[in-house]
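The structure appears right after this line, and notes come after that.
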Amino acid sequence: MTAPLVEVADLSRRFDVSPPWVTRVLQRRPRRILRALDGVNFTIAPQRTLGLVGESGCGKSTLARCLAGLMPPSSGEMRYEGRPIDLASRRDPRARRAIQMIFQDPYASLNPRWTVAQSVGDPLLAFGLAQSRAEMRAQVAELLVAAGLNPDDGAKYPHQFSGGQRQRIAVARALASRPAFLICDEPTSALDVSVQAAVLNLMRRLQRDHGLTYLFISHNLTVIEHMADEVGVMYLGHLVELQAKSALFVAPKHPYTRLLIETVPSLDTLGRASAPLKGEVPSPLDPPTGCAFHPRCPHANARCRRERPLPTPLPGGGSVACHAIAEGRL
Amino acid sequence: MIKPNLEMDPKPYVVATSSYLRLSAPELAQQGKEVMPAPLLELRDLTVRLGNAAGAAVLDGLTFQLAPGEVLGIVGESGAGKSVTGAAILRLLTSPLCQTSGEIRFEGARIDNLAEAQMQRLRGGAIAMVFQDPLTALNPVFTIGQQLVQTIRQHLPMSAAQARGRAVQLLREVGIPSAEERLTSYPHEFSGGMRQRVVIALALAGEPRLIVADEPTTALDVSIQAQIIALLVTLSRNRGMGVILITHDMGVIAEAADRVAVLYAGQLAELGPVAEVLRHPHHPYAQGLIAAIPKIGAGLDMLPQIRGTMPRIDALPPGCPFHPRCDRVMPICRTERPEPMPRSGGTLAACWLEESA
């Protein structure tokens, strides 16, 4: 077992969404705290892909943003190569360079006023990876080729590209600082299927060529199944299940994972009289007591309504947070 | 009930009255009636051009029929003409921005040349639409009760109190809990999935016989998506309502549609029963599109890709629009455009390739 590249321990992120102070005092309203992430633990081994799946509001993107240093976590620890990451305070150029992110919307993540070469070349300048302009131009061209673009595309602006090409530019930019760990937050959700296939293939090839480690976030289970080695399932800020891909899709443990996998529209289940997952994700502002999933869970009992289950290790590796499984009811 | 009271075309179309449409085929047989199921909707050579008759065709020569109670899926990638088809059926594309030609028949009668006032009565009445984003489809400053009552009274002769009762009934039908209390809620007080249910209730307000649903689940989570799709299919079965389901998601099509039309660059590539098209696609584009979807348990290292990108509609290649990306291109593909031709399994495919095993 190699040492993990990335470790996340008991990571939490709370947002204060209280009404303004005056309103609170006059209307006697309490503070309101949104727990977007609540005690998340996982590790990622070098050159592996951890897929994170969950519905909107489950904390996937908050986790990505904390890891990328775009927002500080409220508590908990993140370690890269065994050393704590301190991205937010700009004191850790090593981790800053090694951890890069690809965003969901290639229309919003590229500066429309910058040429592609400026966007892709900026990390090179920021980290002092190119000594001269000529060197930078050469490296940008190389990165564009690696991302499946034309080296001359550097002179163009983002609006001259299609969605899939823009996502390739975003990939080239993320690779510019020669990172080891890429956080991909829904990188293909805005793309058409045939374009998605091309971008996923590109990401897989780059992972192999550059020995990259991925945190791959998506709401699309089939994409996760294609890309990930390990899969984490998130629900309302909690990591409810974490297993190797092969185990999770064959024998999902947590009731939420089971229902999620059943719900995936598949080309094989034609005209299936689907038994959709009942109910909706509760508001993270007002989460249910006990297990967050209990109002939608067919196996919930009094203990589930009262007591929050903690992740327990599974015999075959991974973990699951469910009373029904711990008690052998499921 | 509003039926288009229109001059009938001399062509022999069997038009079942709407009361027949509510009965299933076995029920009709029980009554000893033999009814040729008239197509609910028929498109013939529907073409939409940008600007004027010489403009680029965003939709080119689309022909299909939809039976009552049938769910027809329309798939394709961005720019393939899916949404344009839906908008053209409701006649939402007007000159001088677009030029629409070809025939659209609803319950046997042409609606493509209908006067705007008559069309206005059909829209939201006999033909309704469900949009992708439920938040922008609803008016944020009115309660959903106000919006429902207004739509109901616009299309059905009802008093305000009757319409209110009907609104509650509709909200129950689409599965909104405590419907009566929710009438006074504003759209922002609903979750995304519930909002889309409200939009569907609004679409049902005028007792439609055809619903055009344009990406109804794209903005929703997977578990909610399954609920909305199940709701649409149930409504279609129970009410004998035709549904045109526009989506880019083949999985949604597989679950909900009876037949599917695959569009490419504004043209029909393939049309047929869902099982046939998904399992034995004839058109190389349909084959490539289906192969490119990641599938659970496939264990592929790389996904099969279609090379190149979809051409701009104002710069379509001559011949078959797919030929520059096709692996099985032949000389004729570069010069002549293939018409949809019948294949095995009741499928139509616009491709010069002969039937292959």
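With every protein chain in place, what's the accessible area of A:SER132 (1.4 Å probe, Å², nearest 10)?
My reading of the accessible area for A:SER132 is about 50 Å².
Using a Gaussian network model of chain A with C-alpha springs under 10 Å, which one of A:GLY54, A:GLY318, A:GLY279 is most mobile by mean-square fluctuation?
Of A:GLY54, A:GLY318, A:GLY279, the most mobile in the Gaussian network model is A:GLY279.
Roughly how much of B:CYS351 is accessible, in Å² to the nearest 10, using a 1.4 Å probe?
10
Treat every Asp and Glu Cβ in chain B as -1 and every Lys and Arg Cβ as +1, leave all other atoms uncharged, and give the resulting dipole magnitude about the Cα centre to the nearest 20 debye.
540
Given a 1.4 Å probe, show me the residues in region B:198-223 buried by at least 20 Å² of accessible surface when comparing the whole protein assembly to the chain alone.
Those residues are B:ASP221, B:VAL222, B:SER223.
What are the residues of region B:296-315 that lose 40 Å² or more of accessible area, with a 1.4 Å probe, going from their chain alone to all protein chains?
Correct list: B:ILE296, B:ASP301, B:MET302, B:LEU303, B:GLN305.
Looking at chain B, send over the antiparallel percent of its DSSP beta bridges, to the nearest 5.
If we restrict to bridges inside chain B, about 60 percent are antiparallel.
In debye, nearest 20: dipole of the protein assembly as shown around its Cα centre with unit charges on the Cβ of K, R (+) and D, E (-)?
Rounded to the nearest 20 debye, it is 1780 debye.
Could you pull the accessible area for A:ASP153 with a 1.4 Å probe, rounded to 10 Å²?
Only protein atoms counted, so the area is about 20 Å².
Could you please put B:ASP60, A:ASP209 in sequence from largest to smallest accessible area, using a 1.4 Å probe?
A:ASP209, B:ASP60
Among A:PRO265, A:PRO313, A:PRO93, which one shows the highest mean-square fluctuation when chain A is modelled as a Gaussian network with alpha-carbon springs under 10 Å?
Greatest mean-square fluctuation among the candidates belongs to A:PRO265.
Quick check for you: with a 1.4 Å probe and neighbouring chains kept, what is the accessible area per residue of region B:101-194, in Å²?
47
At 1.4 Å probe size, with every protein chain present, just tell me what the per residue accessible area of region A:1-154 comes to in Å².
With all protein chains present, region A:1-154 gives 53 Å² per residue.
Work out which helices of chain A, taken as complete DSSP H runs, extend at least 15 Å along their axis over the Cα atoms and score a mean Kyte-Doolittle of 0.0 or more, then list them.
Helices passing the filter in chain A: A:116-126, A:133-146.
Sorted by accessible area with a 1.4 angstrom probe, largest first, how do A:LYS156, B:LYS82 fall?
A:LYS156, B:LYS82
I'd like the carbon and sulfur percentage of the solvent accessible area for region A:271-330, probe radius 1.4 Å, heavy atoms only, ligands and nucleic acids excluded.
Accessible surface attributable to carbon and sulfur in region A:271-330 totals 58 percent.
Note down the nm distance, to one decimal, between modelled labels 7 Å out along Cα→Cβ at A:HIS299 and at B:ASN139.
4.9
Points 7 angstrom from Cα along the Cβ direction at B:ALA56 and B:THR309: gap in nanometres?
Calculated label separation equals 1.2 nm.
Membrane-span-like helices in chain B: DSSP H runs reaching 20 Å or more (Cα, own axis), mean Kyte hydropathy at least 0.0?
Flagged H segments are B:222-239.
Out of the DSSP beta bridges found with both residues in region A:6-228, what percent are antiparallel (nearest 5)?
50
Given a Förster distance of 56 angstrom, what is the FRET efficiency for A:GLN27 paired with B:SER159, based on the Cβ-Cβ distance and rounded to 0.05?
Efficiency, rounded to the nearest 0.05: 0.90.
Summarise the accessible area of region A:6-228 (1.4 Å probe, protein heavy atoms) by the percent that is carbon and sulfur.
48
Using a Förster radius of 51 Å, what is the FRET efficiency between B:GLN146 and B:GLU336 based on their Cβ-Cβ separation? Nearest 0.05, please.
The computed FRET efficiency comes out at 0.35.
Taking a 1.4 Å probe, which of B:HIS155, B:HIS188 shows the most accessible area, and what order do the others take after it?
Correct descending sequence by accessible area is B:HIS188, B:HIS155.
Please report the antiparallel percentage of DSSP beta bridges with both residues in the protein assembly as shown, rounded to the nearest 5.
60
Within chain B, what's the longest stretch lacking GluC sites (Glu not before Pro) that sit in DSSP loops with no more than 11 other Cβ atoms inside 10 Å?
B:35-353
Whose amide H sits under 5 Å from the amide H of B:VAL260, counting only residues 5 or more places off or on another chain, with H placed in the peptide plane?
Under 5 Å from the amide H of B:VAL260 lie the amide H atoms of B:GLY73, B:GLY272, B:VAL274, each far enough along the sequence or on another chain.
Chains B and A: what accessible area do they bury, summed, in square angstrom to the nearest 100, with a 1.4 Å probe?
3400
Compute accessible area for region A:202-227 by itself and then with all protein chains, 1.4 Å probe, and report residues whose area falls by 50 Å² or more.
So the qualifying set is A:THR222, A:GLU225, A:HIS226.
For the pair A:ALA247 and A:ALA126, what calculated FRET efficiency results from E = 1/(1 + (r/R0)^6), where r is the Cβ-Cβ distance and R0 = 51 Å, to the nearest 0.05?
The computed FRET efficiency comes out at 0.80.
The values are calculated or read from the model by the stated rules, or taken from the named source; none is laboratory data. Bear in mind that the values here come from a model prediction, so they are computed numbers and not experimental data. Here Cβ is always computed from backbone atoms with ideal geometry, including for glycine, and neighbour counts include all displayed protein chains. All accessible areas refer to the heavy atoms of the entire protein, side chains included, with ligands and DNA or RNA removed. Shrake-Rupley method; radii C 1.70, N 1.55, O 1.52, S 1.80 Å.
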